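J.: Below: one structure in C-alpha cells.
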Amino acid sequence: MLKKSLSLCLTVLLALVWLAPGARALEAPHIDAKGAIVGEVTTGSIIYELNADTQLYPASTTKIMTAILALENCEPYDVITVSKSALDGLADQGSSIMLKEGEKMAFMDMLKYLLVSSGNDAANALAEHVSGSVSAFVELMNKKAQELGCTNTHFSNPHGLHDDNHYTTARDLLKIAEYAMRNETFAEIVMIDRTQLAATNMRDQQTISSTNHLISRWRSRDYYYEGAIGIKTGSTTPAGLCLVSGVRSGDLTYITVVLGASKLEDGTMGSFTETIKLLDYAKKGFSVQPLATAADPVAEAEVALGRDADAVTLIPARGVTALLPVDFDTKDVVMDCRVQPDVKAPVEKGDVLGTVTYYYNGHEYDTVDLVAAASIKRSTWLYIVDTIVSIFSSTLFKVVIGLLVLTVLVVILIAAVARRGRRRRSRQYRGRRRR
C-alpha cells in the first residue's frame, strides 16, 4: 500500500557524535551596554546580540572605516601633508593633536597613528589626502557603508567626534570590522601595542602605544586578554565607551562590538569588561559540531510503478556542520522536509527528490538536497497500465474523442436533415401525380 504522505519527515534522532563528558554551554552573559554583538567570521554565525540594530554613536570606532578607505585609495609610499583645515576644530576635542600644519608624514606611519593611538588629526589628514576634502571623504565613507550592507549607518566625519547625524549599529559595525580584518595590513596594525613613528620634517621619532588595553599592557594591565586581535576603541560623552575587538580560537575568529558602555566610579572601563565577557562566552561556549550526517534517514517519498517497493528512504546529500553551543542537544533539531511529489520508478540511488532545512533554537542553519538511499526498478506491467491510463486521461485524448463525437453528431445531423429533405420531396412528388 502506498504511503499517504509525500513529505512527512521521519521522527528520528540525528546520529551525531557524542559530546565530551561534562561539556556545558555558558549562559549568555549580561552585558551592560547600549548595544552589542558577537559574530564568527568563518561560519558567518551570530552567537550573541543586544540591541544590535539600534542606531548608536560609534565614537572613534569610526576610524575603522577611515582606515579601510585610506588603504584602498593610497599607496604605501605616499606622503601625507597636513593642512590647516585638517586641524581646525580639533584642539579642544578627543584624542591628542600631535600633527602640525605643514608636517609631512609617511602614509604607513599616519595609518598607525590613526589606529594605534586614535589620532583625530590623522583621520582628517588622510581624508583630505584621499578625497581632497573631509566632506568628499565622508561621501565615500557612506557609499562604502552601503556597499558593505550597512542599512542603519550614516557618517558625518572620519574621526567619530560627536555629531547627532553620525551613527551606526552594532550589526553594521560588525560588517565593517569583518571587512577591514580581511586586509592584512589593517589586521597587522590593529595588533600593534607599541611602535615608533619615524621622524618628520617637524618632529623627531616618536613612540605611540595602543588605546586597546586588551592587546596592550602599556597603559593598563587590568584588561589584557590572551589571543585578542585588536581592533579599535572609541569614546565620547554621548557615545559612552565603545570597543570593536576579537579573538582567535582554533580555526575560528570571533569579532565583538560593544557600544555605549560605562566607566564606573572606581575607574572600571565597561567597554573592556563587557568585551571580555563576550570573548569568554564565544571561546568557551561554542564549537563547530555535526548537525547532521549524510547517513541520516530523514524522510520518505512515495514511488509509483515500483517493481518491489512503493516508497524510498531519503537521506541528506551531504553532512552539515555548524557553530553550536557545546551542550548542543540533537533533540532540539527541527527538520523541514520538502519532498518531490509524483515520483515514478525507475529511481536511481542518489537521485535528488527533495530538500531538508535544518533549524536549531529557531535559527536556520542549512538547506541540503534529499537523495534516494536506494534504487527502485520499474514494473513493466504497471508501466503499461499507467501509460494506457495516462493516454486516456490526457487532455489530447479528451480533445480527440471530443472531436470524434462532434464529428459523428454532425454527420448524424446532416443525415437527418437529408432524410427530411428527401421525404419532403417525395410527398410533393406523390401529390403532383394524384392531381
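J.: Kindly indicate which of Ala123, Ala67, Ala36, Ala59 is buried (at least 23 other Cβ atoms within 10 Å of the Cβ), within 23 Å of Gly240 (Cβ to Cβ), out of contact with any helix residue (DSSP H, G or I) (no Cβ under 8 Å at 6 or more places or on another chain) and not polar (S, T, N, Q). Spell out how you get there, then give the answer.
T.: Details: Ala123 fails: out of contact with any helix residue (DSSP H, G or I) (no Cβ under 8 Å at 6 or more places or on another chain); Ala67 fails: out of contact with any helix residue (DSSP H, G or I) (no Cβ under 8 Å at 6 or more places or on another chain); Ala36 fails: out of contact with any helix residue (DSSP H, G or I) (no Cβ under 8 Å at 6 or more places or on another chain).
The match here is Ala59.
J.: Within region 326-364, take every residue that is more than 20 Å from Ala294 (Cβ to Cβ) and of a type in the set (Val, Ile, Thr) and give me the one that is surrounded by the most Cβ atoms within 10 Å (Cβ to Cβ).
T.: Filtering region 326-364 for residues more than 20 Å from Ala294 (Cβ to Cβ) gives 326-327, 329, 331-332, 341-346, 361-363.
Filter once more, keeping what is of a type in the set (Val, Ile, Thr): 326, 343.
Numbers: Val326: 16, Val343: 21.
Top of the filtered list is Val343.
J.: Let me ask another. Only residues that are within 22 Å of the chain's Cα centre (by Cα) and of a type in the set (A, V, I, L, M, F, W, C): list them for region 327-360, please.
T.: Taking region 327-360 as the starting set, the residues that turn out to be within 22 Å of the chain's Cα centre (by Cα) are 328, 333-336, 355-360.
The answer is Phe328, Val333, Val334, Met335, Val356.
J.: Got at least one residue in region 303-320 being touching a Cys at 6+ places or on another chain (Cβ under 7 Å) and among the small types (Gly, Ala, Ser)?
T.: So the first thing to find is which residues in region 303-320 are touching a Cys at 6+ places or on another chain (Cβ under 7 Å), and the list is none.
No; the residues of region 303-320 include none that is touching a Cys at 6+ places or on another chain (Cβ under 7 Å) and among the small types (Gly, Ala, Ser).
J.: Moving on to the next point. Determine if region 156-175 includes at least one residue that is without any contact (Cβ under 8 Å) to a residue 60 or more places away in the chain, open to solvent by less than 10 Å² (accessible area, probe 1.4 Å) and either over 30 Å from Asn201 (Cα atoms) or of a type outside the set (Lys, Arg) (or both). Before you say what the answer is, go through the steps one by one.
T.: Start the filter on region 156-175 by keeping residues that are without any contact (Cβ under 8 Å) to a residue 60 or more places away in the chain, which leaves 156, 163-165, 172, 175.
Applying the additional criterion that residues be open to solvent by less than 10 Å² (accessible area, probe 1.4 Å) yields 172.
Those still in the list that are either over 30 Å from Asn201 (Cα atoms) or of a type outside the set (Lys, Arg) (or both) too: 172.
Yes - at least one qualifying residue is present in region 156-175.
J.: Which one of Val326, Val298, Val334 is in contact (Cβ under 8 Å) with a residue 60 or more places away in the chain, closer than 27 Å to Ile47 by Cβ, of a type in the set (Val, Ile, Thr) and touching a Phe, Trp or Tyr at 6+ places or on another chain (Cβ under 8 Å)?
T.: Details: Val298 fails: touching a Phe, Trp or Tyr at 6+ places or on another chain (Cβ under 8 Å); Val334 fails: in contact (Cβ under 8 Å) with a residue 60 or more places away in the chain.
When all the criteria are applied, what remains is Val326.
J.: Which condition does Thr211 not pass, out of (1) open to solvent by 10 Å² or more (accessible area, probe 1.4 Å); (2) within 24 Å of Leu161 (Cβ to Cβ); (3) within 21 Å of the chain's Cα centre (by Cα), if it passes all the others?
T.: (3)
J.: Only residues that are among the polar types (S, T, N, Q) and part of a strand (DSSP E or B): list them for region 352-384, please.
T.: Answer for region 352-384, where residues must be among the polar types (S, T, N, Q) and part of a strand (DSSP E or B): Thr355, Thr357, Thr367.
J.: So, in region 240-277, how many residues would count as being in contact with a Gly (Cβ under 8 Å, 6 or more places away or on another chain), modelled with pLDDT under 95 and assigned to a loop (DSSP other than H, G, I, E, B)?
T.: Matching residues across region 240-277 total 1.
J.: Still on this model: Considering region 257-305 alone, what residues qualify as being among the β-branched types (Val, Ile, Thr) and closer than 14 Å to Cys242 by Cα?
T.: Taking region 257-305 and keeping what is among the β-branched types (Val, Ile, Thr), we get 257-258, 268, 273, 275-276, 288, 293, 298, 303.
Correct list: Val257, Val258, Thr268, Thr273, Thr275, Ile276.
J.: Right, next: I need the helices (runs of 4 or more DSSP H) fully contained in region 105-183, keeping only those with at least 3 residues that are closer than 22 Å to Leu56 by Cβ and modelled with pLDDT of 95 or more. Give the steps one after another, and end with the answer.
T.: Details: elements: 107-116, 120-131, 134-147, 170-180.
Passing ranges, in order: 134-147, 170-180.
The values are calculated or read from the model by the stated rules, or taken from the named source; none is laboratory data. Since we're looking at a predicted model, the values are computed, not measured. Using ideal geometry, Cβ is built from the backbone for each residue, glycine included, and neighbour counts are taken over all protein chains shown. For the accessible areas, the whole protein counts, side chains as well, though only heavy atoms, and no ligand, DNA or RNA atoms are used. Shrake-Rupley method; radii C 1.70, N 1.55, O 1.52, S 1.80 Å.
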